[in-house]
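These notes concern the structure reproduced below.
The values are calculated or read from the model by the stated rules, or taken from the named source; none is laboratory data. Owing to the predicted nature of the structure, the values given are computational and were not obtained by experimental measurement. All Cβ positions, glycine included, derive from the backbone under ideal geometry; neighbour counts span all protein chains shown. Protein only, heavy atoms only, side chains kept; ligands, DNA and RNA dropped before computing areas. Shrake-Rupley method; radii C 1.70, N 1.55, O 1.52, S 1.80 Å.
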Amino acid sequence: MTKQVKKTALSGVQPTGKPHIGNYFGAMRQFVELQNTYGGFFMIADYHALNSVQSAKDLKENIVDVALDYLAIGLDPSKATIFKQSDVSAHTELSWIFDTITTVAFLMRAHAFKDAEAKNKEISVGTFNYPMLMAADILLYDVDVVPVGADQKQHVEITRDTAEKFNRIFGETFKLPEALIMKDVGTVPGTDGQKMSKSYRNTIPLFATDDEIEKAVMSIVTDSEGGMPKNVYEIHKLFLPKEKLDQLYSEKAGKYKDLKEVLIADIKKFVTPLREKRAGLAKDKAAVIKILKDGGEKARAQAEAKMKVVRKNIGVSLY
Ligand code: TYM
């Protein structure tokens with residue numbers, strides 16, 4: 001009988017502030033499910049975040065925060081490798097190598113760059129090169145699937161294109177990964193109906209206090225059709241099975257305040273145990289930091305083995 005080789009999943013979250021329910025339902029929830037059947041690598045993308053968080057104090061705090069978030073939702077260091085990107089310098093090394101085979105025109109097609117450009121933002125070279133670092137994150141670990149929200153789909157496509165181009169130039173080296181995007185929750189809407197996003201200030205934080213939940217839900221914009229507040233429904237959908245949800249929204253058609261109150265209660269029911277678990281974990285920060293340190297060592301060993309092959313294939317390995 002041939003031994004079934006475990007497939008690999010990798011994903012990451014930027015330590016740029018509090019995670020929201022869009023991050024959770026779109027991506028992080030899948031990490032927890034996948035850790036049981038896949039070899040999982042779950043990363044804190046701190047070098048990506050450096051494009052926007054440029055205070056040592058804030059970055060440090062945010063990194064520990066994401067580690068706590070990961071553990072509180074159920075990631076288990078005995079099953080998955082939890083680490084921070086900056087602990088494995090192969091990520092930035094490989095990103096440079098990818099820079100050398102990638103054209104400026106290709107990266108200018110990235111949505112994130114185009115959005116930043118449209119807003120006339122001063123764009124750092126790091127922001128422009130963002131997809132190359134993400135390609136390195138993924139390709140170092142021979143990843144099969146990348147669980148992400150729909151907004152990261154293009155980044156995974158760029159990763160595949162980069163792997164193909166490298167393989168064409170230097171010989172077969174990298175495995176081509178697939179994005180794993182959940183139907184229905186690929187894009188979780190925010191309180192204003194746009195994509196939920198830290199930068200749009202339309203979020204419901206995953207570990208929100210009761211007060212934050214009430215404020216956020218009450219601020220949901222209620223444009224409606226036939227008594228049905230679409231934005232409230234779309235968020236409520238995450239917390240109730242469809243049958244129950246549809247029954248509730250037909251019984252309470254037009255009663256926006258009542259519907260918002262039920263949503264508040266349902267979010268609280270879901271968030272309270274997570275928040276309590278997180279508060280418990282936060283009492284022992286040293287234990288959390290140790291998990292990251294051990295995860296970094298594991299990830300580094302695997303990434304280094306891959307880099308040996310890469311360096312040989314590009315011709316810089318002499319001894
Ligand atoms: P980040 O930190 O912006 O978001 C983390 C994850 O949350 C998903 N997400 C959403 N999903 C559904 N609806 C939403 N409204 C929503 N908002 C955010 C994101 O798609 C993401 O999966 N580039 C990545 C971090 C990263 C990464 C990687 C991911 C760095 N290296 C390698 C995978 C593999 C990012 O900025 O995610």
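Points worth noting:
- Per this entry, ILE213 is not counted among residues that are surrounded by 16 or more Cβ atoms within 10 Å (Cβ to Cβ), in the same structural domain as VAL262 (by TED's automatic domain parsing) and not in a helix (DSSP H, G or I).
- Evaluating SER11 against the criteria (1) of a type in the set (S, T, N, Q); (2) surrounded by fewer than 22 Cβ atoms within 10 Å (Cβ to Cβ); (3) outside any loop (DSSP other than H, G, I, E, B) leaves one unmet condition, (2).
- Test: residue in the stretch 225-232 that is part of a loop (DSSP other than H, G, I, E, B) and within 30 Å of GLY12 (Cβ to Cβ): no
- Among the residues here, ILE220 qualifies as within 16 Å of the ligand (Cβ to nearest atom), over 23 Å from the mean Cα position of the chain (by Cα) and open to solvent by less than 60 Å² (accessible area, probe 1.4 Å).
- Residues that are open to solvent by 50 Å² or more (accessible area, probe 1.4 Å) and either in the same structural domain as ALA301 (by TED's automatic domain parsing) or assigned to a helix (DSSP H, G or I) (or both) do occur in the stretch 65-77, at least one of them.
- One residue alone among ILE82, ILE21, ILE44 is within 12 Å of the ligand (Cβ to nearest atom) and over 20 Å from THR203 (Cα atoms), and that residue is ILE44.
- Listed by first and then second residue, the pairs with beta-carbon distance under 8 Å, at least 6 apart or on different chains, first residue in the stretch 170-190 and in a loop (DSSP other than H, G, I, E, B), second hydroxyl-bearing (Ser, Thr, Tyr), are PRO177/THR159; GLY190/SER197; GLY190/TYR200; GLY190/THR203.
- Number of positions in the stretch 142-156 that are out of contact with any Ser or Thr (no Cβ under 6 Å at 6 or more places or on another chain), within 16 Å of PHE31 (Cβ to Cβ) and more than 6 Å from the ligand (Cβ to nearest atom): 2
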